[in-house]
Amino acid sequence: MLLEQRLGHDPQAATGPVSLRLPLTAQERTSLRGRRSSACGRALLLQLPRGAALEPGEWLGGPGGTRVQVEAAPEPLLRVLAADPLALLQAAYHLGNRHVALELHPGELRLLQDSVLAELLSQRGLELEELQAPFRPEAGAYGGGAHQHHHQHHA
């Protein structure tokens, strides 16, 4: 099934004749073209207009009014915790210098599992937990999406 339309987050988009779920990893959500499979195994072909990465909860449209909702697929993650908030901030700083995609939560960082980074974080005395969960990294200073923040700058 060909998907060529982005319908946004409007719940009314779910009112089509067929509604499917499309679980995608964080990396897959950045690619707006290519073959994918719905949660139930139906073949899908994305041919979406250029733009921002797909967001979980966003609806896509296909032929005959078919609607497909994007979901964040579970991925192997590292959950980073620290008793000292400064240690967590320092970890975020060092990971940011390496351009590592991070998901930020109060009191924790999440990143894709990586043995080299796990070793680096362990050496800094941070607590690490492996988990399978959806990954929603920050968009970054130049990215778009749900985590983008707008600031007014004065001269």
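The values are calculated or read from the model by the stated rules, or taken from the named source; none is laboratory data. No experiment lies behind these values; they were computed from the predicted model shown. FYI the Cβ positions are ideal-geometry reconstructions off the backbone, even for glycines, and counts take in every protein chain you see. Remember, those area values only see protein heavy atoms, side chains included, never the ligands or the DNA or RNA. Shrake-Rupley method; radii C 1.70, N 1.55, O 1.52, S 1.80 Å.
Could you please let me know if P49 is surrounded by fewer than 17 Cβ atoms within 10 Å (Cβ to Cβ) and within 27 Å of A101 (Cβ to Cβ)?
Details: surrounded by fewer than 17 Cβ atoms within 10 Å (Cβ to Cβ): yes; within 27 Å of A101 (Cβ to Cβ): yes.
Against the criterion (surrounded by fewer than 17 Cβ atoms within 10 Å (Cβ to Cβ) and within 27 Å of A101 (Cβ to Cβ)), P49 qualifies.
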All but one of (1) outside any loop (DSSP other than H, G, I, E, B); (2) surrounded by 14 or more Cβ atoms within 10 Å (Cβ to Cβ) hold for E55; state the number of the condition that does not hold. (1)
Within the set of pairs 6+ apart or on separate chains, which have a first residue in the stretch 95-124 that is closer than 14 Å to R136 by Cα and in contact (Cβ under 8 Å) with a residue 12 or more places away in the chain, a second that is among the polar types (S, T, N, Q) and open to solvent by 50 Å² or more (accessible area, probe 1.4 Å), and C-beta atoms under 9 Å apart? A101/Q27; L112/Q27
May I ask you to verify whether L104 is open to solvent by 50 Å² or more (accessible area, probe 1.4 Å) and under 30 Å from Q123 (Cβ atoms)? yes
Could you list all residues from the stretch 17-32 that are surrounded by fewer than 17 Cβ atoms within 10 Å (Cβ to Cβ) and over 21 Å from F135 (Cβ atoms)? P17, V18, S19
List pairs: first residue in the stretch 64-91 and within 30 Å of R42 (Cβ to Cβ), second residue surrounded by 14 or more Cβ atoms within 10 Å (Cβ to Cβ) and acidic (D, E) anywhere in the structure, Cβ distance under 9 angstrom, at least six positions apart or on different chains. Q69/E58; V70/E55; V70/E58; A72/E55; A73/E28; L77/E103
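Taking the stretch 93-125 on its own, how many of its residues are more than 12 Å from A82 (Cα to Cα) and of a type in the set (G, A, S)? Explain how you work it out, then say what you get.
The first filter runs over the stretch 93-125 and keeps only residues more than 12 Å from A82 (Cα to Cα), leaving 93-105, 110-120, 123.
From the residues that got through so far, the ones that are of a type in the set (G, A, S) too are 96, 101, 115, 118.
Looking only at that region, the number is 4.
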Enumeration of residues in the stretch 62-74 that are among the small types (G, A, S), over 18 Å from the mean Cα position of the chain (by Cα) and buried (at least 18 other Cβ atoms within 10 Å of the Cβ): G62
Looking at this structure, is R35 farther than 20 Å from S115 by Cα, open to solvent by 70 Å² or more (accessible area, probe 1.4 Å), of a type in the set (D, E, K, R) and modelled with pLDDT of 95 or more? yes
